[in-house]
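See below for the structure under consideration.
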There are 2 protein chains.
Amino acid sequence: MKEFLQEAKSLVDQMTLEEKINMLQHEAPAIPRLGIKAFNWWSESPHGVGRCGLATVFPQSIAMAASFNTDLMEQVGDCVSDEVRAKYNEYVKQGFTDIYQGLSVCGPVLNIVRDPRWGRVPETYGEDPYLTGRMGTAYVKGMQGSGKYWKTANILEHFAVHSGPENGRLEWDVDVTEKDLFETYVSAFAYCIKHGKPAGVMPAYNRFRGVPCCINKYLMTEVLRNKLGFDGFTMTDAGEVELNFSMQTLAKTHAEMAALCIKAGSDLSITDKTLTGGKRVYDSLRMAVAQGLITEEEIDLALTRVMQVRCRLGMHAEDCEFDRISYDVVDCEKHRRLNRKMAQESIILLKNDGILPLNKETKVAVIGPCADDKLVMLGNYYGYPSRYSTFLSGIQKVCTKPVEFARGVTPTDAYGERPNETPAYEAVIAARRADVVIFFMGNNPYDESEECDYDGDRKTIDLPENQQAIYELVKALGKKMIFVSVGGSVINLSCQDKECNAVLQCYYPGSEGGDAMADILFGNTSPSGRLPLTVYAKDTDLPPITDYSMKNRTYKFFKGTPLYPFGYGLTYSDIREDWLEENTVKLTNCGSFDTDYAVLKFEYIPYKNLCGFEKVFLKKGETKTVTFRDDR
Amino acid sequence: MKEFLQEAKSLVDQMTLEEKINMLQHEAPAIPRLGIKAFNWWSESPHGVGRCGLATVFPQSIAMAASFNTDLMEQVGDCVSDEVRAKYNEYVKQGFTDIYQGLSVCGPVLNIVRDPRWGRVPETYGEDPYLTGRMGTAYVKGMQGSGKYWKTANILEHFAVHSGPENGRLEWDVDVTEKDLFETYVSAFAYCIKHGKPAGVMPAYNRFRGVPCCINKYLMTEVLRNKLGFDGFTMTDAGEVELNFSMQTLAKTHAEMAALCIKAGSDLSITDKTLTGGKRVYDSLRMAVAQGLITEEEIDLALTRVMQVRCRLGMHAEDCEFDRISYDVVDCEKHRRLNRKMAQESIILLKNDGILPLNKETKVAVIGPCADDKLVMLGNYYGYPSRYSTFLSGIQKVCTKPVEFARGVTPTDAYGERPNETPAYEAVIAARRADVVIFFMGNNPYDESEECDYDGDRKTIDLPENQQAIYELVKALGKKMIFVSVGGSVINLSCQDKECNAVLQCYYPGSEGGDAMADILFGNTSPSGRLPLTVYAKDTDLPPITDYSMKNRTYKFFKGTPLYPFGYGLTYSDIREDWLEENTVKLTNCGSFDTDYAVLKFEYIPYKNLCGFEKVFLKKGETKTVTFRDDR
């Protein structure tokens, strides 16, 4: 928008070099003379306002991807950004401008799941660039809005070719073919930039072809701006510039490093001065100008992009409608209802011999460490909901008979139980007393995560051994069994697929996840999620996590037979697809259940490739026709 | 009981020395030839079946002590031992005989709180031997029962003179005067042994007058058996014998150590062979006999005491009524109701300017890290309830208006948030939006605990600094404030007492604690708890934690002015005490609230000394007369 560009240019023109340098770092101070308020650029709201207290916590990204529902996704984005604004308004009123309280939010993560063992899979939209692009774009549109002003400024993560391993993610040097680069790693960014118009893009921590992304001119300028046509701002990841400076030898001084960043196309820096002797790298931009490493015009260009975002957020305006969003929307009943709907649609039914939906009078045993764990509901980068349901509490609300319950394994809390506790037997007792066993097993956000104090990647896609052992103990009882695979990525469910009456996949489902699960299990609503990830049948199907080639990875290039393919997912009904022509499909609900249904369109180029999807609601007996448009 | 002694003697007579040695260690194998089943002596049920899956989790011991209600305590014991038996029956049926699944339960802890910073205060009944003796005895009576057979075998902990510091608790060498030994440290054991007839006593980890308790003949035989008349069995603490062997020089060989234990009066050993090269110390008893360090008769004496307990538990009987207790009692509705009652009576009202009870239409903000934390409800040595309420969820159920909520500080979960989150501001927002702020602040079971991987003692009785900071921020808003001090011990509430409209103390209140708190806050029931601990006004009032003299400690000997004295606690009513004679008091409910009331009788010898208490229920206007009997 031209007026914001003009406003930004005018502001930049009036700043001293010192002021400009401050404004290019995430803890930007106020410049009262120019009407500029203090602002902290670092916030996180990937599935609800994160790390900033009270918030509606929606299912994590991988779960929302499973809904294959862009309309719902856009509504979620709209609610989340309402909460971002409501909190921001309240903070500003009180003079607070700290981290996680701002309007510029990191994410969505548009990196592709190359390997299901990667610790950050839960933060992604899965393995398919088409799906990732559409879901990410819907979220960005919902969050930023379509008005004159942006409600939030979203920063796409992490550009580019970033998908683990977490251990040593900074030193990690990636090279891929141009084909893989554009078809796989950059494709979702390209779509989102074109259709979602995100405010920002964040360079990845890793190196690409020898050069750290934040100073990689090929990626940050040639690809991002010239090829993909991105005209927003870029913001480096937390401490990325300082970390890279301290770990590599491309720049000998802070001044050189800062100049390299700006010249490559990195605009604003989320700094971490603890790594560089208390001094932020960008502080040396004055020296860089003095030494002729960069011109003030180059700095102005970067800063104009940054300031344009602040203008477009209405931060200097009197007529920004978002200033009036009340704190009442935070964690409100309306958002809770939408959250439950999204959680329902994120649950994937993988097998059902007819046992589901369950009768409410069924005597059930709920078994597993994921059954009653708040953090399993919330995932990571979460806020604090004032209420939440766990799978156990959701089921307890619906069942007319007392629900048997056993964790089966000791918890992972820091102040948990002694390791010599033997709770497996509890599971056997609970199972014996029930007619149907529902397992909630898999991973928690501690088993798989971003690199922090430990390597966040999983070593295997198998169920953790202690859980598999309990599963075997209970299986021996010969009860009817429903297995809910919980976690943020892929779990090998080969034996569960053979042995259980029903199998479901549930990622980290948000604060309404327990009630949503009960809705599905007891038939208040039909499942309609589909897999955003290939469920491989064994670890040995996977190339090493360090191998960045797409060969033998994802549904497109995997040569083996998956346990469940990408896009797989059942409903309680029976939907017939009649393809009338290439882009038109007639859907008929031939079953006895009203249901949402995601219809997927694949092409063969020559590999199988998702090229369209649509989520529709079909009453029993209802017919609807869906026509796909080419939206590339 | 003579018949059990005969049975035990007869069994011992038929065993080989090898068998005898096995039976003296906690993982006792079966001797099918004699009809003896495998049995694991190590279980924990101090406030509900601990570390063994599903269970009703009652308030922790310090909280139950605050009820000053021995009848209720006995009922709790009865429920807990029903659950112990129900679980044991189920395990036996399935052939499981593992740790935490047996009938011999460690506890209650009858150690006296000498210093409120000790990490294990939550596990005690407070600072007064009279109260401790009565509450412990009620628990033992409730658990063991009064029939021919014992429902459980309780093992009093930790004999003797044991009350921190946790760090280095094994090397810790205590000496106290004979007066302090008998009046303070041993008094509650003496009472409980006389009136509760506990099955067992456990020597403490520490040393007493240079000699580890487990080989301290003065303590374990002269005091315990000869002076206090104890005729049960003794069981050393987890790994106590191995730990002591590896840390001191009194015994050069395992054989010597084992002989010293038995000869001192320690019967059965909870072993930990990881510390002694894979060999349990007691395994060398055969060598000890061969070397003449001990006679087989001495071993027989110890083992007869042990086997007598097994007989009295009905383990070899056909007519034991407890074999029929069904698993249905575990975590059942009836136990939940009793649990809520005990939780209500454990909450102590310390100040009330009339703000309490609250109207259900009040717009409240709930603030603090203890408000919505499951582990704060459960304390330590806990089981897993299938349902629980937190303070937040309890209040949400009652309030007609949405409850504002802010944790205020980052959580301590291992997979929690980043440290640079600044949630304090959330608290300000929440408070601004409410008319009344209810703080739930204090300690969690991680801040104060048994020595594990860290020093479990607190360094201070002050509120953690980050919580005090939030309190100050919110205070500045000038709202009405209710402060609930949460945790297992004493917190300095000096400023809260001055500044808040109401102050309450709530220890770890069990799985119904949130609903019980709402019952109190909104006047469904009147508070009736009283302090089992002196609330000191500052750290400097306390002698060093390493000082074992009682000088200037507890309400008896403290020379300063406490913030709230031992035994303090208000109700919502106004109870008049008219002492008709030394042992008779007429109580009149002159207020407008039905309430439970604990009447306390003190004597001066010459220091103030609790010598009687009784809990009674008084309707509005009602009068009751209580007569105290000398029960020493």
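Just give me the residues in the range A:386-410 being open to solvent by 30 Å² or more (accessible area, probe 1.4 Å) and charged (D, E, K, R), in sequence order.
A:ARG387, A:LYS397, A:LYS401, A:ARG407 - these are the residues of the range A:386-410 that are open to solvent by 30 Å² or more (accessible area, probe 1.4 Å) and charged (D, E, K, R).
Quick check: is even one residue across the range B:112-119 within 30 Å of B:ALA38 (Cβ to Cβ), within 14 Å of another protein chain (Cβ to nearest Cβ) and out of contact with any Phe, Trp or Tyr (no Cβ under 7 Å at 6 or more places or on another chain)? Before you say what the answer is, go through the steps one by one.
Kept after step one, since they are within 30 Å of B:ALA38 (Cβ to Cβ), are these residues of the range B:112-119: none.
So far as the range B:112-119 goes, no, none of its residues is within 30 Å of B:ALA38 (Cβ to Cβ), within 14 Å of another protein chain (Cβ to nearest Cβ) and out of contact with any Phe, Trp or Tyr (no Cβ under 7 Å at 6 or more places or on another chain).
When only residues in the range A:437-464 that are open to solvent by 20 Å² or more (accessible area, probe 1.4 Å) and farther than 24 Å from A:GLU499 by Cβ count, which is farthest from the other protein chains (Cβ to nearest Cβ)?
So, considering only residues that are open to solvent by 20 Å² or more (accessible area, probe 1.4 Å) and farther than 24 Å from A:GLU499 by Cβ, the one farthest from the other protein chains (Cβ to nearest Cβ) is A:LYS459.
Which residue out of A:PHE58, A:PHE96 is hydrophobic (A, V, I, L, M, F, W, C), in contact with a His (Cβ under 6 Å, 6 or more places away or on another chain) and either surrounded by fewer than 24 Cβ atoms within 10 Å (Cβ to Cβ) or more than 14 Å from chain B (Cβ to nearest Cβ) (or both)? First the steps, then the outcome.
On the way: A:PHE96 fails: in contact with a His (Cβ under 6 Å, 6 or more places away or on another chain).
It is A:PHE58.
Being more than 25 Å from B:THR554 (Cα to Cα), within 14 Å of chain A (Cβ to nearest Cβ) and among the hydrophobic types (A, V, I, L, M, F, W, C) is the requirement here; does B:ALA30 meet it? Give the derivation first.
Numbers: more than 25 Å from B:THR554 (Cα to Cα): yes; within 14 Å of chain A (Cβ to nearest Cβ): no; among the hydrophobic types (A, V, I, L, M, F, W, C): yes.
No; evaluated as a whole, the condition is false for this residue.
Quick test for you: out of B:LYS148, B:LYS179, pick the one residue that is within 26 Å of B:LYS87 (Cα to Cα), surrounded by fewer than 24 Cβ atoms within 10 Å (Cβ to Cβ) and out of contact with any helix residue (DSSP H, G or I) (no Cβ under 8 Å at 6 or more places or on another chain).
Working: B:LYS179 fails: within 26 Å of B:LYS87 (Cα to Cα).
The unique qualifying residue is B:LYS148.
Being among the hydrophobic types (A, V, I, L, M, F, W, C), farther than 22 Å from A:GLN14 by Cβ and touching an Asp or Glu at 6+ places or on another chain (Cβ under 8 Å) is the filter here; which residues of the range A:270-301 pass it?
In the first step, residues of the range A:270-301 are kept if they are among the hydrophobic types (A, V, I, L, M, F, W, C); the result is A:270, A:275, A:281, A:285, A:287-290, A:293-294, A:299, A:301.
Applying the additional criterion that residues be farther than 22 Å from A:GLN14 by Cβ yields A:270, A:275, A:281, A:287, A:293.
Selection gives A:ILE270, A:LEU275, A:VAL281, A:LEU293.
Kindly evaluate B:ALA259 against the criterion of being surrounded by 24 or more Cβ atoms within 10 Å (Cβ to Cβ), over 22 Å from B:VAL186 (Cβ atoms), hydrophobic (A, V, I, L, M, F, W, C) and modelled with pLDDT of 95 or more.
yes
Checking B:TRP172 against (1) closer than 25 Å to B:TRP41 by Cα; (2) modelled with pLDDT under 95; (3) surrounded by 19 or more Cβ atoms within 10 Å (Cβ to Cβ), which test does it fail?
All conditions pass for B:TRP172, except number (1).
For the structure I just gave you, tell me whether B:VAL80 is in contact with a strand residue (DSSP E or B) (Cβ under 6 Å, 6 or more places away or on another chain), of a type in the set (Val, Ile, Thr) and either surrounded by fewer than 20 Cβ atoms within 10 Å (Cβ to Cβ) or at pLDDT 95 or above (or both). First the steps, then the outcome.
Numbers: in contact with a strand residue (DSSP E or B) (Cβ under 6 Å, 6 or more places away or on another chain): yes; of a type in the set (Val, Ile, Thr): yes; either surrounded by fewer than 20 Cβ atoms within 10 Å (Cβ to Cβ) or at pLDDT 95 or above (or both): yes.
The answer is yes for B:VAL80.
For every residue, the table says whether it meets (1) farther than 28 Å from A:GLY442 by Cβ; (2) among the hydroxyl-bearing types (Ser, Thr, Tyr); (3) open to solvent by less than 10 Å² (accessible area, probe 1.4 Å); (4) more than 26 Å from the chain's Cα centre (by Cα).
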| position | (1), (2), (3), (4) |
| --- | --- |
| A:LEU303 | yes, no, yes, yes |
| A:MET307 | yes, no, yes, yes |
| A:LEU313 | yes, no, yes, no |
| A:CYS320 | yes, no, yes, yes |
| A:VAL329 | yes, no, no, no |
| A:ASN352 | no, no, no, yes |
| A:VAL366 | no, no, yes, yes |
| A:TYR384 | no, yes, no, no |
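Tell me whether the range A:20-40 contains one or more residues that are β-branched (Val, Ile, Thr), under 22 Å from A:ASP319 (Cα atoms) and crowded, with 20+ Cβ neighbours inside 10 Å. Give the derivation first.
Of all residues in the range A:20-40, those β-branched (Val, Ile, Thr) come to A:21, A:31, A:36.
From what's left, under 22 Å from A:ASP319 (Cα atoms): A:31, A:36.
From what is left, the residues that are crowded, with 20+ Cβ neighbours inside 10 Å are A:36.
Yes, that holds for at least one residue.
Only residues that are open to solvent by less than 50 Å² (accessible area, probe 1.4 Å) and not hydrophobic (A, V, I, L, M, F, W, C): list them for the range B:426-436, please. Write out each step before concluding.
Start the filter on the range B:426-436 by keeping residues that are open to solvent by less than 50 Å² (accessible area, probe 1.4 Å), which leaves B:426-431, B:434, B:436.
Answer for the range B:426-436, where residues must be open to solvent by less than 50 Å² (accessible area, probe 1.4 Å) and not hydrophobic (A, V, I, L, M, F, W, C): just B:GLU426.
Within the range A:498-521, can one find any residue that is of a type in the set (Val, Ile, Thr), in contact with a Lys or Arg (Cβ under 8 Å, 6 or more places away or on another chain) and open to solvent by less than 10 Å² (accessible area, probe 1.4 Å)? Break it down into steps so the answer makes sense when it comes.
Kept after step one, since they are of a type in the set (Val, Ile, Thr), are these residues of the range A:498-521: A:503, A:520.
Then keep just the ones that are in contact with a Lys or Arg (Cβ under 8 Å, 6 or more places away or on another chain); that gives A:503.
In the following step, the residues that additionally are open to solvent by less than 10 Å² (accessible area, probe 1.4 Å) were identified as A:503.
Yes, there is a match, as at least one residue in the range A:498-521 is of a type in the set (Val, Ile, Thr), in contact with a Lys or Arg (Cβ under 8 Å, 6 or more places away or on another chain) and open to solvent by less than 10 Å² (accessible area, probe 1.4 Å).
Given (1) open to solvent by 10 Å² or more (accessible area, probe 1.4 Å); (2) more than 30 Å from A:ARG632 (Cβ to Cβ); (3) outside any loop (DSSP other than H, G, I, E, B); (4) in contact (Cβ under 8 Å) with a residue 40 or more places away in the chain, where does A:TYR130 come up short, assuming only one miss?
So A:TYR130 meets the others, but not (2).
Each row is one residue, and each column tells you yes or no for (1) in contact with a strand residue (DSSP E or B) (Cβ under 7 Å, 6 or more places away or on another chain); (2) assigned to a helix (DSSP H, G or I); (3) in contact (Cβ under 8 Å) with a residue 40 or more places away in the chain; (4) surrounded by fewer than 21 Cβ atoms within 10 Å (Cβ to Cβ).
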residue: A:SER266; (1), (2), (3), (4): yes, no, yes, no
residue: A:THR271; (1), (2), (3), (4): yes, no, yes, no
residue: A:LYS279; (1), (2), (3), (4): no, no, no, yes
residue: A:TYR282; (1), (2), (3), (4): yes, yes, yes, no
residue: A:LEU293; (1), (2), (3), (4): no, no, no, no
residue: A:GLU298; (1), (2), (3), (4): no, yes, no, yes
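Go through the residues of the range B:607-618 one by one and say whether even a single one is under 17 Å from B:SER187 (Cβ atoms) and open to solvent by 50 Å² or more (accessible area, probe 1.4 Å). Working first, answer last.
As a first pass, look at the range B:607-618 and keep what is under 17 Å from B:SER187 (Cβ atoms): B:607-613.
If we keep only those that are open to solvent by 50 Å² or more (accessible area, probe 1.4 Å) as well, we get B:608.
Yes, because at least one residue in the range B:607-618 is under 17 Å from B:SER187 (Cβ atoms) and open to solvent by 50 Å² or more (accessible area, probe 1.4 Å).
Quick check on my filter: what residues within the range B:84-99 are under 12 Å from B:GLY53 (Cβ atoms) and either without any contact (Cβ under 8 Å) to a residue 60 or more places away in the chain or in contact with a Gly (Cβ under 7 Å, 6 or more places away or on another chain) (or both)?
Within the range B:84-99, B:TYR91, B:PHE96, B:ASP98 qualify.
Pairs needed: first member in the range A:420-436, under 10 Å from A:PHE405 (Cβ atoms) and more than 7 Å from chain B (Cβ to nearest Cβ); second member anywhere, at pLDDT below 90 and open to solvent by less than 10 Å² (accessible area, probe 1.4 Å); C-beta distance under 6 Å; at least 6 residues apart or different chains.
Every condition considered, the pairs that remain are A:ALA427/A:GLY408.
Does the range B:353-362 contain any residue that is out of contact with any Asp or Glu (no Cβ under 6 Å at 6 or more places or on another chain), over 30 Å from B:PHE233 (Cα atoms) and within 14 Å of chain A (Cβ to nearest Cβ)?
no
Out of all the residues in the range A:63-70, is one or more within 14 Å of chain B (Cβ to nearest Cβ), crowded, with 24+ Cβ neighbours inside 10 Å and either closer than 20 Å to B:ALA427 by Cβ or not β-branched (Val, Ile, Thr) (or both)? Before the answer, list the steps.
Applying the first criterion (within 14 Å of chain B (Cβ to nearest Cβ)) to the range A:63-70 yields none.
Within the range A:63-70 (the criterion being within 14 Å of chain B (Cβ to nearest Cβ), crowded, with 24+ Cβ neighbours inside 10 Å and either closer than 20 Å to B:ALA427 by Cβ or not β-branched (Val, Ile, Thr) (or both)), the answer is no, since none of the residues qualifies.
Could you identify the single residue in B:GLU345, B:GLU333 that is of a type in the set (Asp, Glu), crowded, with 24+ Cβ neighbours inside 10 Å and modelled with pLDDT of 95 or more? Lay out the reasoning, then the answer.
On the way: B:GLU333 fails: crowded, with 24+ Cβ neighbours inside 10 Å.
After ruling out the rest, the residue left standing is B:GLU345.
Answer yes if at least one residue in the range B:441-459 is in a helix (DSSP H, G or I), out of contact with any Phe, Trp or Tyr (no Cβ under 6 Å at 6 or more places or on another chain) and either free of Cβ contacts under 8 Å to residues at least 12 places away in the same chain or not acidic (Asp, Glu) (or both), and no otherwise.
Keep residues of the range B:441-459 that are in a helix (DSSP H, G or I), which gives none.
No, because not a single residue in the range B:441-459 is in a helix (DSSP H, G or I), out of contact with any Phe, Trp or Tyr (no Cβ under 6 Å at 6 or more places or on another chain) and either free of Cβ contacts under 8 Å to residues at least 12 places away in the same chain or not acidic (Asp, Glu) (or both).
Taking the range B:527-565 as the region of interest, how many residues are among the polar types (S, T, N, Q) and either open to solvent by 40 Å² or more (accessible area, probe 1.4 Å) or over 24 Å from the mean Cα position of the chain (by Cα) (or both)? Spell out how you get there, then give the answer.
Looking only at the range B:527-565, we keep the residues that are among the polar types (S, T, N, Q), and these are B:528, B:534, B:540, B:546, B:549, B:552, B:554, B:561.
Pick out the ones that are also either open to solvent by 40 Å² or more (accessible area, probe 1.4 Å) or over 24 Å from the mean Cα position of the chain (by Cα) (or both) and you get B:540, B:546, B:549, B:552, B:561.
Qualifying residue count for the region: 5.
The values are calculated or read from the model by the stated rules, or taken from the named source; none is laboratory data. Values in this document were obtained by computation on a predicted structure and should not be read as measured data. Heads up, the Cβs are rebuilt from the backbone with ideal geometry, glycines too, and the neighbour counts pull from every protein chain shown. All accessible areas refer to the heavy atoms of the entire protein, side chains included, with ligands and DNA or RNA removed. Shrake-Rupley method; radii C 1.70, N 1.55, O 1.52, S 1.80 Å.
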